[in-house]
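The structure under discussion appears below in the form of structure tokens.
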Amino acid sequence: MSSTELLDQFILEARECLEQIGQRLLDVEKNPGDRELLNDLFRQVHTLKGNCGLFDFKPLERVVHAGEDLLDRVRNGSLAYSGDIADALLAAMDYTAELVDLIATEGSLPATTEGRAQELATALRRHLAGPAPAAAASPGTAPAAAASPGTAAAPATAPAAAPALPDWLAALPATACVAGHTALRYLPDADCFFKGEDPWHLARSTPGLQHLQVRAAGDWGSVADFDCYRCNLELVVVSDAPRAYIEEHYRYVPDQLSWHALEAAATATATAAAPDSASTGAADPAAPGPDTAADGDPLRELLRARIARIWDDQRALLARPGIAAGTVAATRRTLAALIDGWDDAALAASLRATLEALPAGAAPLAQWALQHRPGAAAACDTTAAGGGAPTAAAPGASALVAPLEPRRGSSGGAGDDSASGGGQKVLKVAQDKIDRLMDLIGEMVVAKNALPYLANRAETVFNQRELAREIKTQYSVINRIAEDMQHAIMQVRMLPVGTVFQRFGRLVRDISKKLGKEVNLVIEGEDTEADKNVIESLADPLIHILRNSLDHGIELPAARMAAGKPAAGTLRVAARQEGDRVILDITDDGAGIDTDRVRAKAVERGLIPADRACLLSEHEAVQLVFLPGFSTAEAISDLSGRGVGMDVVRSAVERINGSVELASTRGKGTQIRLALPLSMAVTNVMMIETAGRRFGVPMDLIVETVRVPAEDIHHFKSAQTVVLRGRIVPLRALNELLALDMPPRQNGDGEHAVLVVRLGSENLGLLVDDFHGTSDIILKPLEGVLTGITGFAGTALMGDGSVLMILNPKELS
């Protein structure tokens, strides 16, 4: 991988990390006592900092490192999480995102970023001196025991004399505490391995080393989340060398050291060594060996969990088709080594004998590995068949070897996948490659559309009916394949709408805090999927809607309580799929829209005559908020007042062939419903003809096509209407709307062709000359001199090479 590819990968992963961090910060703020959330948040920040260390982006690393230190204190229970810490971390992560964007565009960070980075890092580290949580700050807790999770309870004699020694020396063996010697604690940086540091080697080469003790610096976390690249060591060194020599030896990590000069009085207070520590000191007879831990020892459990995981990896390897003989042999050796690593001689002897008796080949070995997978079950599989694997296990094996049930429908042979192989594998592909595939399928759609045209020419021009029939047959085959390919690629482009919803938590938090309101954000249907372009088009409209709800909808706590509502308002964003549409409902339980005020503001701003405003129904008055330039805000702020909002929402949604519905009840709240297409890539249109020209109309706007006798059309001045199924439908001649100086043409029966389209909540009949078939097209936006022409949604290239103009009836009317 080149440096450019590595940088691109870093940027991609950094952005993903920042998204997760932002969400986790909000989660932790709601549940600061949730250890799992804190650990996950810390891991995300830790991963980001580790990635930063691969590049020379000092400002970025400085900010993230400070955030990691702060979260480490919170995670370890030595610092209480607070709103101020949350604000500082959010501000730091915001700036981190800006830096990542700068790296993406510039390839480096300018020197001007150093000052802001230092400022944020200082602000974060200022919180390190904050108070500890109430539970952790209670006096009387034995600090020595807390420092080492696996340490056994200290002797009862320790607390009385312990104040003479720092906490980290409390577990030092008495024999190591010699007056005049120097003790130091070395806490390597968690990412020291990425910096090329070797803490163990550095400690072992300490001048005058007399005693070396190593233990865990913090909780190892769950086995599943164990990070072998993270240094979690605390090294305690006792040396008889002059301190100056030791300082010189540790000159590159001075900030990771704690010093203590041992005195005679202190030596009497030393206690026995911690059970989980390993010591290289010659004079350390009291320290137990690592293998003396009883069952339930966390280190042993960790080791066995890792063995089980590697065992599953080997089984997955054996399940690969066409595995080479050399690989099978290597896998056999690995399994043998894993048996030895289980630390049970009797079991190892028994299983090794059965392993050596296996015939060559991947299938018997896979079967054997399936039957003898290390685990925690209490029985050994004695019913295995096939592969010739003996099943008589040695005594004691039943506690260590668990049968693994074959998967349903599997013979349990080499083709069986690992039971713990994890979920669905994910392959990250650059977006431009997916877009290229989408372009290709679009070209294929256009190309296949040429076949019916060729069939028609073969039949009508060249009188080759049989050839035309064969072309149509091949067209049906190609059309099916093209549709399958299109569906498959569309599935690749589908994203859950939750990718947009993620940012709302932060938005609602910041705005409600700024406005002094209490708001609970409820998100439902995050897994609902839509095309990537639709998802991206949703972001701005939804932000406008949420800002309006927060600013104008939900009341202040006092007003809500006076109205008999809970002090905290609820803002609900729900997504679901209905047919080929994605429905988004944004609902709040605020004050609703004051239609009297809306009417007055619309008249005041000259958007509607006063007499007409008085005639509007409540529902119609609510719709006035969609008028361009409408705003009820008295003053311009950074949230509202500029008259840009709901009209932008409607324009953005209609631009992607969506629709907006607004309903509001005064005093109870407001609901906005967005209906969006699942995909914008391929559009199904109906082709119509008028004034000798063909146009396309999106099918999702068409209500029906009818032929109406000319005498059934009612005329009132210049307006025309027709009654269809008991409803009056206004008529407009498409020629007139397109400024084509030709009257609508009637057919031989004196009928007009009427295309009824849906415009919002109303229907409109367009008088056209004739209808033609439907077709899938790739809609291209208007470009060049055509840009800005109203009434058209774009163009499409047809199979016969012609260009079809796609109408936008909403702009025509």
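The values are calculated or read from the model by the stated rules, or taken from the named source; none is laboratory data. Bear in mind the structure is a predicted one, so any value in this text is a computation, not a measurement. Please note: Cβ atoms are built from the backbone with ideal geometry, for glycine as well, and neighbour counts cover all protein chains shown. To get the accessible areas, we keep the full protein, side chains included, count just its heavy atoms, and leave off ligands, DNA and RNA. Shrake-Rupley method; radii C 1.70, N 1.55, O 1.52, S 1.80 Å.
Before moving on, here are some points about what is shown:
- Number of the exception - Ile789 against (1) more than 22 Å from Gly658 (Cβ to Cβ); (2) without any contact (Cβ under 8 Å) to a residue 60 or more places away in the chain; (3) surrounded by fewer than 17 Cβ atoms within 10 Å (Cβ to Cβ): (1)
- Options Arg408, Arg465, Arg457, Arg373; residue that is modelled with pLDDT under 80 and surrounded by fewer than 18 Cβ atoms within 10 Å (Cβ to Cβ): Arg408
- Checked against (1) crowded, with 16+ Cβ neighbours inside 10 Å; (2) over 29 Å from Gly794 (Cα atoms), Val729 meets all criteria but (2).
- Residues (touching a residue at least 40 places away in the same chain (Cβ under 8 Å) and open to solvent by less than 40 Å² (accessible area, probe 1.4 Å)) located in the range 82-96: Gly83, Ile85, Ala86, Leu89, Leu90, Met93, Thr96
- Checklist (1) open to solvent by 20 Å² or more (accessible area, probe 1.4 Å); (2) over 46 Å from the mean Cα position of the chain (by Cα) applied to Ala224, failing item: (2)
Yes/no per residue for (1) outside any loop (DSSP other than H, G, I, E, B); (2) over 30 Å from Ser476 (Cα atoms):
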residue: Gly696; (1), (2): yes, no
residue: Val729; (1), (2): yes, yes
residue: Asn735; (1), (2): yes, yes
residue: Asp741; (1), (2): no, yes
residue: Gly748; (1), (2): no, yes
residue: His752; (1), (2): yes, yes
residue: Leu767; (1), (2): yes, yes
residue: Asp776; (1), (2): yes, no
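- Check on Arg509, farther than 18 Å from Gly669 by Cβ, among the basic types (Lys, Arg), modelled with pLDDT of 85 or more and assigned to a strand (DSSP E or B): no
- Condition check for Leu804 on (1) open to solvent by 30 Å² or more (accessible area, probe 1.4 Å); (2) outside any helix (DSSP H, G or I): one failure, at (1).
- Every residue from the range 507-542 that is under 27 Å from Glu555 (Cα atoms) and among the β-branched types (Val, Ile, Thr): Val508, Ile511, Val519, Val522, Ile523
- Residue check, Ala562 among the hydrophobic types (A, V, I, L, M, F, W, C), open to solvent by 40 Å² or more (accessible area, probe 1.4 Å) and free of Cβ contacts under 8 Å to residues at least 40 places away in the same chain: yes
- Condition check for Leu782: touching a residue at least 24 places away in the same chain (Cβ under 8 Å) and either part of a strand (DSSP E or B) or closer than 16 Å to Asn808 by Cα (or both): no
- Sole exception among (1) in a strand (DSSP E or B); (2) under 22 Å from Arg650 (Cα atoms) for Leu521, by number: (2)
- Subset tally (residues that are hydrophobic (A, V, I, L, M, F, W, C), surrounded by 11 or more Cβ atoms within 10 Å (Cβ to Cβ) and within 13 Å of Leu165 (Cβ to Cβ)) for the range 244-264: 3
- Of the residues making up the range 733-776, those that are in contact with a Lys or Arg (Cβ under 8 Å, 6 or more places away or on another chain), at pLDDT 90 or above and open to solvent by less than 40 Å² (accessible area, probe 1.4 Å) are His752, Ala753, Val754, Leu764, Gly765, Leu766, Leu767, Asp769.
- Test: residue in the range 575-588 that is over 30 Å from Pro698 (Cβ atoms) and either touching a residue at least 12 places away in the same chain (Cβ under 8 Å) or surrounded by 14 or more Cβ atoms within 10 Å (Cβ to Cβ) (or both): yes
- Pairs with Cβ under 6 Å, 6+ apart, first in the range 674-686 and more than 16 Å from Ile778 (Cβ to Cβ) and among the small types (Gly, Ala, Ser), second open to solvent by less than 30 Å² (accessible area, probe 1.4 Å) and at pLDDT 80 or above: Ala675/Ile583; Ala675/Gly658
For (1) surrounded by fewer than 18 Cβ atoms within 10 Å (Cβ to Cβ); (2) more than 21 Å from Glu248 (Cα to Cα), each residue gets a yes or a no:
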residue	(1), (2)
Pro173	no, yes
Ala179	yes, yes
Thr182	no, no
Pro188	no, no
Gly196	yes, no
Ser205	yes, no
Gln210	no, no
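- Sole residue being crowded, with 19+ Cβ neighbours inside 10 Å and modelled with pLDDT under 85, chosen from Leu60, Leu109, Leu99: Leu109
- Restricting the range 529-557 to residues that are open to solvent by less than 20 Å² (accessible area, probe 1.4 Å) and either in contact with a Pro (Cβ under 9 Å, 6 or more places away or on another chain) or not in a helix (DSSP H, G or I) (or both), the residue that is nearest to Gly667 (Cα to Cα) is Ile554.
- Lone unmet requirement of (1) open to solvent by less than 20 Å² (accessible area, probe 1.4 Å); (2) under 44 Å from the mean Cα position of the chain (by Cα) for Val703: (1)
- Any hit, the range 473-480, residues being closer than 26 Å to Ser537 by Cα and open to solvent by less than 50 Å² (accessible area, probe 1.4 Å): no
- Residue list for the range 648-691, restricted to those being in a strand (DSSP E or B), more than 32 Å from the chain's Cα centre (by Cα) and surrounded by 17 or more Cβ atoms within 10 Å (Cβ to Cβ): Ser664, Val685, Met686, Met687, Ile688, Thr690
- Pairing residues of the range 505-523 that are closer than 16 Å to Ile543 by Cβ with residues that are open to solvent by 50 Å² or more (accessible area, probe 1.4 Å) and not in a loop (DSSP other than H, G, I, E, B), at Cβ distances under 7 Å and at least 6 apart in sequence or on separate chains, gives Gly505/Gln23; Ile511/Arg547.
- Here the condition is being crowded, with 18+ Cβ neighbours inside 10 Å and modelled with pLDDT under 70; of Thr269, Thr292, it holds for Thr269 alone.
- The sole residue among Val723, Val703 that is assigned to a strand (DSSP E or B) and touching a residue at least 12 places away in the same chain (Cβ under 8 Å) is Val703.
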